[in-house]
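Accompanying notes for the structure given below.
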Amino acid sequence: MGTTWFKEPRYAWIGLGSLWIIGFIGALTRFTMAYFQVQISEDLEISRGFISMAWSTNLLITAFCAPLGGWLVDRYGPKKVMLVSAILGTIGTGTVILGHHPIIFFIGYGVISGFVGIGTSTSYMLMFEWFQHHRAKATSLLASASSVGLAISTPIFVSSSWLTWKDAFLISFVLGIIVTLPTICFGIKGLGLKDNKADKVQENEIITVDDQEIPKATRPLFKGIAAPLPIFIVVACALFTCGFNMGTVEMNLVAIHQSVNVSPSMIALSMSVLGVMEITGSLIFGYFLDRVNKLVMMTILYGIRILGFAFLFIHVDWSPVLFAIAFGITYLSAIPGGLLIANEFSKGNGKQTGFLLLFHQGGGILGALIGGISFDYFNNYQVLIGVDVLICTLMTLGYFFLYTALKRSFRLHNVNASA
């Protein structure tokens with residue numbers, strides 16, 4: 001296991017591939033709920049509101065399980081927690097396909113599958129532990145698994161009219177048993193997060209500040225505004241913002257376009273562009289997050305999102321495509337970037353990562369709910385889009401402020417050291 005590939009241990013790349021396969025399979029359930037709402041409603045004779053309630057319950061349970069899962073990761077290691085999470089997910093999909101009743105559907109998807117949230121932080125903790133030189137690229141590549149899964153699932157199910165939502169859940173259930181569980185058992189190296197060698201490596205990590213490289217072990221230099229607590233607060237708010245943005249897009253984007261009479265062909269084009277830009281953006285930001293100051297990159301990321309939501313707000317002819325380009329390129333990098341910053345400037349652990357992801361899930365729930373409420377009250381989505389513009393602006397300023405404060409602290413340290 002001592003062989004290295006591109007300066008990283010071989011097991012790190014094998015583990016990344018294993019996690020990517022797991023994420024790819026996990027996208028199938030997400031696709032099913034997005035694409036088959038009408039069919040599920042008709043087959044089970046339930047309202048779309050009931051389906052939305054199941055979806056919201058799933059997200060809520062997932063959100064509250066994230067900190068618990070982080071604590072379990074610190075105590076038992078990420079591999080064991082990931083395995084339990086995968087088992088719960090398989091039981092959830094199995095429950096849905098074994099029954100044909102609204103309550104069974106709600107319990108299987110809304111409740112049991114929600115407990116998969118205990119594994120939310122596991123992939124990130126493994127990435128932070130395995131990779132030292134290509135950490136951002138690896139995390140971004142992992143994030144692309146879900147998008148690629150959606151990109152492949154969509155044409156298969158759309159072109160095959162005989163495939164139903166039950167088939168999708170059945171495929172997810174079978175793949176969970178024959179692929180996901182064995183992949184976790186045999187494809188992932190379960191390193192302990194408290195491994196002394198790993199701690200030593202973390203202490204020797206390099207932080208780039210003001211174009212100068214300094215060891216992570218010198219982080220006590222960064223006191224006051226650039227201390228871990230303010231960084232944690234900014235990252236938490238940024239992940240909440242990201243979640244709110246995703247709630248806006250995943251639940252309301254098509255409805256936003258339809259509300260201003262965008263043609264179906266333009267909507268289809270914009271969604272295709274969005275998918276392509278998600279994958280492209282993950283590679284671009286992953287590359288630069290490993291080479292450029294991460295606070296600068298996240299400032300740029302949220303600045304691009306401001307531009308994207310501004311295009312969506314003004315509703316010009318090419319707004320759908322322009323938004324897809326701007327939002328798509330940032331879609332998969334906000335979470336990895338924020339968690340990398342939190343891990344870099346403080347001794348990251350599973351519990352911290354879990355709490356940060358709780359903020360992201362909370363933002364997603366709120367963004368989805370506010371979309372429907374604002375439309376019912378104002379008969380449009382302008383308020384929702386305006387909120388997205390506002391909070392992205394605040395986070396752009398927040399990351400920029402942290403960068404300048406950290407830069408100032410480093411310069412003061414140099415002055416005091418040379419005095």
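Scanning region 196-210 for any residue that is farther than 20 Å from PHE345 by Cβ and either of a type outside the set (Val, Ile, Thr) or modelled with pLDDT of 85 or more (or both) turns up at least one such residue. Scanning region 151-168 for residues that are part of a helix (DSSP H, G or I), farther than 17 Å from GLY89 by Cβ, at pLDDT below 85 and not aromatic (Phe, Trp, Tyr) gives ALA151, ILE152, THR154, PRO155, ILE156, VAL158, SER159. Across region 126-142, the number of residues qualifying as open to solvent by 10 Å² or more (accessible area, probe 1.4 Å), in a helix (DSSP H, G or I) and closer than 23 Å to ASP74 by Cβ comes to 3. Mind checking which residues of region 258-268 are under 19 Å from SER374 (Cα atoms) and part of a helix (DSSP H, G or I)? Within region 258-268, GLN258, SER259 qualify. Filtering SER47, SER52 for residues that are at pLDDT 80 or above, over 16 Å from GLU129 (Cα atoms), surrounded by fewer than 17 Cβ atoms within 10 Å (Cβ to Cβ) and small (Gly, Ala, Ser) leaves a single hit, SER47.
Of ILE118, ILE171, which residue is within 15 Å of LEU88 (Cα to Cα) and open to solvent by 10 Å² or more (accessible area, probe 1.4 Å)? So the residue among ILE118, ILE171 that is within 15 Å of LEU88 (Cα to Cα) and open to solvent by 10 Å² or more (accessible area, probe 1.4 Å) is ILE118.
Could you please find all residues in region 62-105 being open to solvent by 30 Å² or more (accessible area, probe 1.4 Å), within 18 Å of PHE169 (Cβ to Cβ) and of a type in the set (A, V, I, L, M, F, W, C)? Within region 62-105, ILE87, LEU88, ILE91, ILE97, LEU98, ILE103, ILE104 qualify.
Conditions tested, residue by residue: (1) over 26 Å from SER140 (Cα atoms); (2) in a helix (DSSP H, G or I); (3) more than 19 Å from the chain's Cα centre (by Cα).
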{"site": "GLU250", "(1), (2), (3)": "no, yes, no"}
{"site": "LEU253", "(1), (2), (3)": "no, yes, no"}
{"site": "ILE256", "(1), (2), (3)": "yes, yes, yes"}
{"site": "SER270", "(1), (2), (3)": "no, yes, yes"}
{"site": "GLY275", "(1), (2), (3)": "no, yes, no"}
{"site": "SER282", "(1), (2), (3)": "no, yes, no"}
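From the list PHE232, PHE309, the one residue that fits, being crowded, with 24+ Cβ neighbours inside 10 Å, in a helix (DSSP H, G or I) and either in contact (Cβ under 8 Å) with a residue 12 or more places away in the chain or within 21 Å of the chain's Cα centre (by Cα) (or both), is PHE309. Regarding region 107-115, can at least one residue be identified that is surrounded by 24 or more Cβ atoms within 10 Å (Cβ to Cβ) and within 21 Å of ILE279 (Cβ to Cβ)? No, every residue in region 107-115 fails to be surrounded by 24 or more Cβ atoms within 10 Å (Cβ to Cβ) and within 21 Å of ILE279 (Cβ to Cβ). The lone criterion from (1) modelled with pLDDT under 95; (2) of a type in the set (A, V, I, L, M, F, W, C); (3) under 20 Å from the mean Cα position of the chain (by Cα) left unmet by CYS392 is number (1). Within region 284-295, the set of residues being open to solvent by less than 40 Å² (accessible area, probe 1.4 Å), closer than 19 Å to LEU402 by Cα and part of a helix (DSSP H, G or I) comprises LEU289, LYS294, LEU295.
The values are calculated or read from the model by the stated rules, or taken from the named source; none is laboratory data. Just so it is clear, the model here is predicted, and its values are computed rather than measured. Every residue, glycine among them, receives a Cβ derived from its backbone with ideal geometry; neighbour counts consider all protein chains shown. Surface accessibility is based on the protein's heavy atoms, side chains included, excluding ligands, DNA and RNA. Shrake-Rupley method; radii C 1.70, N 1.55, O 1.52, S 1.80 Å.
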